[in-house]
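Visitor: Below: one structure in structure tokens.
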Amino acid sequence: MNVKEILNNLETRHPGEHEYLQAVREVLESIEEIYNQNPQYEAAKIIERLVEPDRIYTFRISWMDDAGNVQVNLGYRVQFNNAIGPYKGGIRLHPSVNLSILKFLGFEQIFKNALTTLPMGGGKGGSDFNPKGKSDNEIMRFCQAFMLELWRVIGPNTDVPAGDIGTGGREIGFMYGMYKKLQFENSGVFTGKGLNWGGSLIRPEATGFGATYFTKEMLDTKNDSFKGKIVTVSGFGNVAWGVALKVTELGGKVVTISGPDGYIYDEKGLDADKINYLLSLRASNNDIVSPYAEVFPEAKFYADRKPWEVPCDIAMPSAIQNELDEEDAKILIANGVKYIVEVSNMGCTPEAIELFHQNKLPFAPGKAANAGGVGVSGLEMSQNAMKMNWTKEEVDAKLHQIMSSIHSACSKYGTDHEGYIDYVKGANIAGFIKVADAMLDLGVV
């Protein structure tokens with residue numbers, strides 16, 4: 001495999017799709033050695049087939065706002081690879097959504113889903129629709145119009161969408177309600193559903209819980225623990241909420257949250273009341289975090305700055321892609337950071353990751369650390385198929401086992417001769433082998 005040649009060809013074919021090309025580059029550089037050791041992969045052109053989606057649907061969404069004005073958005077669904085199971089991946093509703101971002105997310109999802117060991121392929125979808133400031137009726141009309149275009153190409157054994165940025169239980173409910181009406185069946189095709197109509201316990205917290213469990217496994221390899229650790233977190237949605245809950249439970253102290261307006265530094269750490277307020281702040285349909293400092297005056301708000309300047313033991317970016325760059329990494333390292341865990345998808349730039357590796361710092365990529373969300377989505381699919389519900393304790397135990405298994409796979413393929421674990425390499429190789437071997441078994445299709 002000639003990584004440079006493949007990337008040059010992709011860039012020529014897909015110019016300007018920076019996020020997608022970044023995600024492909026990271027995987028190819030990690031798996032190059034093992035790929036070249038297995039000529040059967042080259043003979044079947046596994047890489048050339050893997051880096052291109054099976055298909056992409058792009059469609060117009062027309063809907064009417066409360067003032068009676070017609071609005072038009074673009075919608076997408078990227079069905080990337082289904083070698084090991086139905087396409088599986090969230091629907092992102094955000095003004096930044098474009099094909100490059102959805103292809104990067106769908107490509108990452110292939111390996112993330114493979115790491116869970118559950119039978120799920122990789123996909124992603126979304127729209128440039130912005131749910132912020134919209135009424136419930138406007139969101140319902142948009143979601144129903146979105147589903148009118150998508151319903152024919154999804155299904156419980158074909159493609160199972162889920163939530164993502166801008167898509168929570170409300171949006172999934174509106175989408176699934178329309179799907180159910182159009183399809184004339186109640187097959188639970190979406191995950192992240194409400195508890196009273198097929199959802200799974202701890203699904204909203206699962207990404208944050210899972211990332212914390214993965215971090216615990218990293219700490220265990222160093223005979224370390226969360227006890228007394230200072231943890232910086234970005235974002236303040238469900239993911240940051242799940243991290244804050246579980247880190248606090250395990251003895252750590254989360255001291256930051258962030259939004260587009262800046263970040264909050266709370267030296268005392270987030271407790272139960274503050275975490276509950278975090279949820280209510282997010283539910284207020286407002287992106288800003290500054291009101292936190294007004295409610296809890298011991299906290300400080302720093303406008304238009306990022307939380308990575310705060311000294312910490314563990315940094316957990318939990319907001320959006322490429323949110324932690326090279327300069328942030330330099331500050332973290334100078335301040336003595338010991339572990340970095342991506343909870344957002346591709347939360348760190350390649351330059352930041354390179355610095356962490358050069359300094360032999362344990363760094364967990366999102367495709368491994370944040371797989372708990374899709375892991376519990378897979379458990380939700382199983383519960384729907386069996387027409388039963390597991391208890392919170394049962395789901396949590398299965399989640400813990402999934403994250404422990406993912407850490408073991410990363411360690412198996414990522415440990416060098418000095419004992420340093422390159423979690424990026426380990427995650428990419430483990431996920432790739434599972435998918436590539438399945439593609440070989442299925443023939444050229």
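The values are calculated or read from the model by the stated rules, or taken from the named source; none is laboratory data. No experiment lies behind these values; they were computed from the predicted model shown. Here Cβ is always computed from backbone atoms with ideal geometry, including for glycine, and neighbour counts include all displayed protein chains.
Visitor: Limited to region 273-296, what total is found for residues that are among the aliphatic types (A, V, I, L, M) and more than 25 Å from the chain's Cα centre (by Cα)? Outline the logic, then answer.
Guide: Restricting attention to region 273-296, the residues satisfying the condition of being among the aliphatic types (A, V, I, L, M) are 275, 278-279, 281, 283, 288-289, 293, 295.
Filter once more, keeping what is more than 25 Å from the chain's Cα centre (by Cα): 293, 295.
Total satisfying the criteria: 2.
Visitor: Please go through (1) buried (at least 23 other Cβ atoms within 10 Å of the Cβ); (2) assigned to a loop (DSSP other than H, G, I, E, B) for residue 418 and return the number of the only condition it doesn't satisfy.
Guide: Status for residue 418: all satisfied but (1).
Visitor: Checking the conditions here, which among 93, 115 is surrounded by 24 or more Cβ atoms within 10 Å (Cβ to Cβ) and under 17 Å from residue 439 (Cβ atoms)?
Guide: After applying the criteria, what remains is 115.
Visitor: Every residue in region 63-91 that is small (Gly, Ala, Ser) and free of Cβ contacts under 8 Å to residues at least 60 places away in the same chain, please.
Guide: The answer is 67, 68, 85.
Let's see how each residue does on (1) farther than 21 Å from residue 411 by Cβ; (2) touching a Ser or Thr at 6+ places or on another chain (Cβ under 7 Å); (3) not assigned by TED's automatic domain parsing to the domain that holds residue 112:
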{"residue": "298", "(1), (2), (3)": "yes, no, yes"}
{"residue": "322", "(1), (2), (3)": "yes, yes, yes"}
{"residue": "352", "(1), (2), (3)": "yes, no, yes"}
{"residue": "371", "(1), (2), (3)": "no, yes, yes"}
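Visitor: Separate question: Only one of these is outside the structural domain of residue 236 (by TED's automatic domain parsing) and at pLDDT below 95: 386, 403. Name it.
Guide: 386
Visitor: Now a separate question. For region 256-271, give me the residue count where each residue is in contact (Cβ under 8 Å) with a residue 24 or more places away in the chain and either within 18 Å of residue 242 (Cβ to Cβ) or over 25 Å from the mean Cα position of the chain (by Cα) (or both).
Guide: The number of residues fulfilling the criteria is 9.
Visitor: Do the conditions hold for residue 413, that is, is it closer than 23 Å to residue 213 by Cα, over 19 Å from the mean Cα position of the chain (by Cα) and of a type in the set (Ser, Thr, Tyr)?
Guide: It is true that residue 413 is closer than 23 Å to residue 213 by Cα, over 19 Å from the mean Cα position of the chain (by Cα) and of a type in the set (Ser, Thr, Tyr).
Visitor: Here is a follow-up. Inside region 129-168, can you point out the residues that are closer than 21 Å to residue 68 by Cα and among the aromatic types (Phe, Trp, Tyr)? Steps first, answer last, please.
Guide: First pass over region 129-168, keeping only residues closer than 21 Å to residue 68 by Cα: 129-148.
Once the filter is applied, which keeps residues that are closer than 21 Å to residue 68 by Cα and among the aromatic types (Phe, Trp, Tyr), region 129-168 yields 129, 142, 146.
Visitor: Out of 343, 376, 395, 337, report the one residue that is touching a residue at least 40 places away in the same chain (Cβ under 8 Å), assigned by TED's automatic domain parsing to the domain that holds residue 215 and of a type in the set (Val, Ile, Thr).
Guide: Just a single option satisfies the conditions, and that option is 343.
Visitor: State the number of residues belonging to region 206-251 that are surrounded by fewer than 24 Cβ atoms within 10 Å (Cβ to Cβ) and assigned to a loop (DSSP other than H, G, I, E, B).
Guide: The total comes to 11.
Visitor: Please note which helices (runs of 4 or more DSSP H) are completely contained in region 270-352 and include at least 1 residues that are closer than 20 Å to residue 94 by Cβ.
Guide: Helices (runs of 4 or more DSSP H) meeting the threshold: 272-283.
Visitor: How about region 170-205: which of its residues are basic (Lys, Arg) and outside any loop (DSSP other than H, G, I, E, B)? Outline the logic, then answer.
Guide: Kept after step one, since they are basic (Lys, Arg), are these residues of region 170-205: 170, 180-181, 193, 203.
Within region 170-205, 170, 180, 181 meet the criteria.
Visitor: Given the conditions (1) in contact with a helix residue (DSSP H, G or I) (Cβ under 7 Å, 6 or more places away or on another chain); (2) under 26 Å from residue 104 (Cβ atoms); (3) of a type in the set (Asp, Glu), report the number of the one that residue 309 does not fulfil.
Guide: Result: residue 309 passes all but (2).
Visitor: Going through region 39-80 one residue at a time, which ones are under 15 Å from residue 445 (Cβ atoms) and over 25 Å from the mean Cα position of the chain (by Cα)?
Guide: The initial filter retains those residues of region 39-80 that are under 15 Å from residue 445 (Cβ atoms), namely 44-46, 48-50, 52-55, 79-80.
Matches in region 39-80: 44, 45.
Visitor: Identify all residues within region 31-49 that are surrounded by 14 or more Cβ atoms within 10 Å (Cβ to Cβ), within 17 Å of residue 104 (Cα to Cα) and out of contact with any Phe, Trp or Tyr (no Cβ under 8 Å at 6 or more places or on another chain); write none if there are none.
Guide: 49 - this is the single residue of region 31-49 that is surrounded by 14 or more Cβ atoms within 10 Å (Cβ to Cβ), within 17 Å of residue 104 (Cα to Cα) and out of contact with any Phe, Trp or Tyr (no Cβ under 8 Å at 6 or more places or on another chain).
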